[in-house]
Every structure is written in structure tokens, then in C-alpha cells.
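Student: Handing you a structure now.
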Amino acid sequence: MKKRERAKRKDNIIFLPGLEKRLTDKGLESLHNKRYQEAITLLEEARDHDSENSDILIGLVLAYFEAGAYTKARELANEMLLKGIGDYFHMVDLYLTILIQLHEYQEIVSTIEALFDEKEIPPDRHDHFLTILQFSKRMADNSQQEPIEEVKVETPFKELKLSSLNNINEQLLVISSLAEKNIRPYMDEIKEYLDSESGHPFLKTMLLTLLKEQEYDKRIVVKKFNEGVSIVPTELPDIKTQQRLKEIEKILEEKLENSDPVLFENIKGMVERTFFITYPFELEPEEVSAWAAAFHLLVLNYLGGDPNVEDISDDYEISTKKIEQALTKIRELEEISYPNI
């Protein structure tokens, strides 16, 4: 006969036997059903009972990530890596996914270079990490004091074959490999991908960034979100200097930077992610106040608050209808913002 499981005691509070398992199961079920805030509540409570359970912690990282709480996801994933919790390379991939979502390219470079220094990368993962490293070096700020030594890699691709690759991760690796090449020999395939309805918006932005860096000055067509636009890459603004992005960040900075700097940084991260994936399109509504209000409202929701849309509307002096319009679009974009590595 099985010995009856005894109740656990913590800080003079008695927990019923198996409570953490029930919390974990319910939390993972909520995560599967896309009830992310509910999953976070359940899994955080489960973690209080079992602080190093890999199933709980990985589920919590994913719940934070899906809910848009990327800073929390980053901190927990980094903590798990430092403690050696969970499959190491699975956690590295998850950590890199979060960093890319936060556009923390220098941290990606540092993380992957450390892996190469340790010489513990499995052979079948070598190209995977190398191509992400190369792209991240390109995207990292140019204000580093010491130049990063370029890594030369021979690529097996004579053709990109982007349109024939059904796996988004394979497309990511192919596009990342272009960071160290002359992009012009591949322009027919690149134009076909940019003009397709099926190409992932995130990957299309990566391609546009490379075209702009390599000073491609011929007109091309880009399609995203059932819209098309004809552009010349050299005439595009840098992603982080887009006028509407700067105007939205200015409004948020004036309202939040002094009163709640942590909230401001969380919202700013979401603004930059949204403008990265929509680049170079300008979405409706036109009013920047509506977007600032919508970003503010959504991040408060993600962080577990229950903000009143009427109060936000008054504060930003914009109608609730305009806020809801922007809010709907941001939520749609958050669903597809980054293809998991």
C-alpha cells in the first residue's frame, strides 16, 4: 500500500499534498488554451512550492513570453540557465528567442560567442547558432568600443529557395546567412519573397534591413497584412528613427518616464517590436495618441492590472474608439510578432 503523502508546511502555512502538481497541471492547461494571465498566476503559485521544477519554470517563461511580459521571461530564462535547470540548449534557444523579441542583439552576440568559446555546441547546432550570431552582429549598436571580429562561413546555398521552405526557422537561418554576403545575386528570390502574401512579416523586415545596409537603390514591392507598398530600400528611414515611432515614444516618455520608469521601458519595448514587424507600413488609426494610449493599456493588462479605458482615453485626450482600433491591431501583431527559433 502506498504511504499517504504528508502535507507540506511553509512559513506556518499548510499545503495540501499534491497541490503544486495540480497548480502546474492547471497552469499548463491555461497556457495551452492561451489564457496567459491565468497561467502566470497558477504557475507563479506552483513555483512558490517548488522553485526549481523545470516544467513549472519553462511553462512560466512561455506564459510570460506569450503575455508580452518579455522582461520577466528574460530574467527567469537567464536564471534557469545560470542554475542549470532544464535542457541546456533548449533553454538557450528560448533565451535567444526572448532576446530577439527585445532587440537585445549585443546580449545575443555575447551569449552565442560564450557558447563557441566553451566549445560545447553539438555539430548539428553549429550553423544554427552561427547564422543567428552573424545577423545579431549586424543589428547590434555600432557604438561598441571594440570591433567584433567577423566570422567567415561558407554557405551551402547556391539559391536561397525561400519560397520553397515551409519551416520558418529554416527561412530565418537562410536570411541570417545573408548578413555576410553580397545580397544582389539573390535579388530575384528576395523580391519574390517580399512580394508574396505568405512570407513572415518579421523575416521581411530582416530582409529590408539587409537591403538598406547594402544600399540597394532599386524599387521593390513589399506586402504585409494584405497591403502592398512600392519602396526603395535606401530611401527608408532606420527602423528606430521612424517618425511615428518617435512621436509615440515621446508621448509615453512625457507621461511615464518620471512617474513609472519600469512601466515606460516595458511599453517602449512593445512599441519597438510593433514597429519592427510593421516596417515600413503605417497602420490605421493615424493619431499617434491613440497608439500611445493603446500600448499603455495593453501593457497594464499584461502586467495583471485592470485599467479603465475611459481613464486612459481622458489622459491621452483621444476617443475610446480610436484606442480600441489601435488595440485590436497591436494584439493581432503580438500574435505573430516573432517566429520561434
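The values are calculated or read from the model by the stated rules, or taken from the named source; none is laboratory data. The shown structure was predicted, so the numbers you read here are calculated from the model rather than taken from an experiment. So basically every Cβ, Gly included, is an ideal-geometry build from the backbone, and we count neighbours across all protein chains shown. The protein model used for the area step is the full one, side chains on, heavy atoms only, and it has no ligands, DNA or RNA in it. Shrake-Rupley method; radii C 1.70, N 1.55, O 1.52, S 1.80 Å.
Student: Of (1) assigned to a loop (DSSP other than H, G, I, E, B); (2) within 19 Å of the chain's Cα centre (by Cα), PRO237 satisfies all except one. Which?
Tutor: (2)
Student: So GLY86 ticks every box in (1) assigned to a helix (DSSP H, G or I); (2) touching a residue at least 24 places away in the same chain (Cβ under 8 Å); (3) small (Gly, Ala, Ser) but one. Which box is left unticked?
Tutor: (1)
Student: State the number of residues belonging to region 241-283 that are among the hydroxyl-bearing types (Ser, Thr, Tyr) and touching a residue at least 40 places away in the same chain (Cβ under 8 Å).
Tutor: 3
Student: Pull out all pairs, ordered by first then second residue, where Cβ-Cβ is under 8 Å, the residues are six or more apart or on different chains, the first lies in region 102-129 and is more than 25 Å from GLU265 (Cβ to Cβ) and among the charged types (D, E, K, R), and the second is in a helix (DSSP H, G or I) and open to solvent by less than 60 Å² (accessible area, probe 1.4 Å).
Tutor: If the second residue must be in a helix (DSSP H, G or I) and open to solvent by less than 60 Å² (accessible area, probe 1.4 Å), the pairs left are GLU113/LEU133; ARG125/PHE89; ASP127/LEU173.
Student: Among the candidates LEU60, LEU23, which residue alone is out of contact with any Phe, Trp or Tyr (no Cβ under 8 Å at 6 or more places or on another chain), crowded, with 23+ Cβ neighbours inside 10 Å and part of a helix (DSSP H, G or I)?
Tutor: Every option except LEU60 fails the conditions.
Student: Pull up region 282-341, narrow it to residues that are in a helix (DSSP H, G or I) and among the small types (Gly, Ala, Ser), then point me to the one that is surrounded by the most Cβ atoms within 10 Å (Cβ to Cβ).
Tutor: Step by step, filter region 282-341, then rank; the result is ALA293.
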